[in-house]
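Everything on this sheet refers to the single structure shown next.
The values are calculated or read from the model by the stated rules, or taken from the named source; none is laboratory data. None of the values given here were measured: they were computed from a predicted structure. Reconstructed Cβ throughout: ideal geometry from the backbone, glycine too, with neighbour counts over all protein chains shown. Just so you know, the surface numbers come from the protein's heavy atoms only, side chains and all, with ligands and any DNA or RNA stripped out. Shrake-Rupley method; radii C 1.70, N 1.55, O 1.52, S 1.80 Å.
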Amino acid sequence: MDPKLHTKWVLANALGTSSGFVAALQAGMFVQFGFDMDLHWQFEQFDNNLRFAVADVVVLSVLGTVLGGVQALQLRTRSVRISSWIIATATGFGLMAAVSLPLTAVGVWGRIPGPVEPIVTLVGGGTVAGFLQRRALHRQGIEPRSWLALWITGLVASLVPIAALLALLESLGVSVSWAAESFITGLLLGGVAAWISGKALLVSLPE
C-alpha cells in the first residue's frame, strides 16, 4: 500500500475529528443561545431543558456528519458507498445522546472538570460509528478483519498523548480555551486512531 495514502487518511481523520468537533459544539450553541455570542462556550450556563436536548443531538449529528464526510473524501476512489458511510458515522455519534441526555437530566453532564465529556463523546461515538461503518462495509461484501478492533484500540490509546499534552500545557501555565482544547482533543484522537487502524482498513478496500 502506498504510504502516502495512509498519511492522507491519518490527516483526514485528525482534521475531520477536530474541526468537526469544534463546528458541532458551535452549532449546538447556536441552538441553545442563538446569536448571543457572549454566552457561547460558557458551558456552565447550559440548563436542563428541551433546547439543550435538541442542541445535544445537533452537536453529535454534526460531528458525525463532518467526520464521515471528510473520511468519505478519502474513500471516494474506492468501492465504498459514500452515502452509507456518512450516514453510519453520523448515526454512530448521534446515538451517544442516549448517554449524554440522561446525565444531563441529573445535572452531571457539562459540569465535570476537564475534558471528560469531549473524550467520552469522541471515544464512545467513534466506537459506535466504527461498528456501523463496519456493518455498512459488510453489506457491500468488504471485510476489513482487524480494522474495527484496531480503531477502538487507537481511540483508547489516543487518551495518553491527549492527557500528556494538556497536562504539559497546564504545567507551563498556558491557558487553553474550550475551543482550543476541543480541537486538540479531536486532532490527537482522530489522528492516533487512524494511524493505528488505517492500514487494516485501506488494504481491504478494492480500488
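Numbers below:
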read-out: Residue that is modelled with the lowest pLDDT [pool: residues in region 134-165 that are hydrophobic (A, V, I, L, M, F, W, C) and within 20 Å of residue 87 (Cβ to Cβ)]; value: 142
read-out: Answer from 66, 62, 80 - the residue that is part of a loop (DSSP other than H, G, I, E, B) and farther than 14 Å from residue 127 by Cα; value: 80
read-out: Lone unmet requirement of (1) under 14 Å from the mean Cα position of the chain (by Cα); (2) closer than 20 Å to residue 187 by Cα; (3) at pLDDT below 90; (4) of a type outside the set (Lys, Arg) for residue 97; value: (2)
read-out: Filter pass, residue 181 being at pLDDT below 90, part of a helix (DSSP H, G or I) and acidic (Asp, Glu); value: yes
read-out: Breaking point among (1) open to solvent by 10 Å² or more (accessible area, probe 1.4 Å); (2) at pLDDT below 90; (3) closer than 20 Å to residue 201 by Cβ, for residue 75; value: (1)
read-out: Output for region 166-177, where each listed residue is assigned to a helix (DSSP H, G or I), surrounded by fewer than 16 Cβ atoms within 10 Å (Cβ to Cβ) and either modelled with pLDDT of 95 or more or of a type outside the set (S, T, N, Q) (or both); value: 167, 168, 169, 170
read-out: Total residues in region 3-48, condition modelled with pLDDT of 85 or more and acidic (Asp, Glu); value: 0
read-out: Evaluation of residue 144 against (1) surrounded by 12 or more Cβ atoms within 10 Å (Cβ to Cβ); (2) assigned to a helix (DSSP H, G or I) (one fails), failing number; value: (2)
read-out: Which numbered condition residue 127 misses (of (1) open to solvent by less than 60 Å² (accessible area, probe 1.4 Å); (2) over 21 Å from residue 188 (Cα atoms)); value: (2)
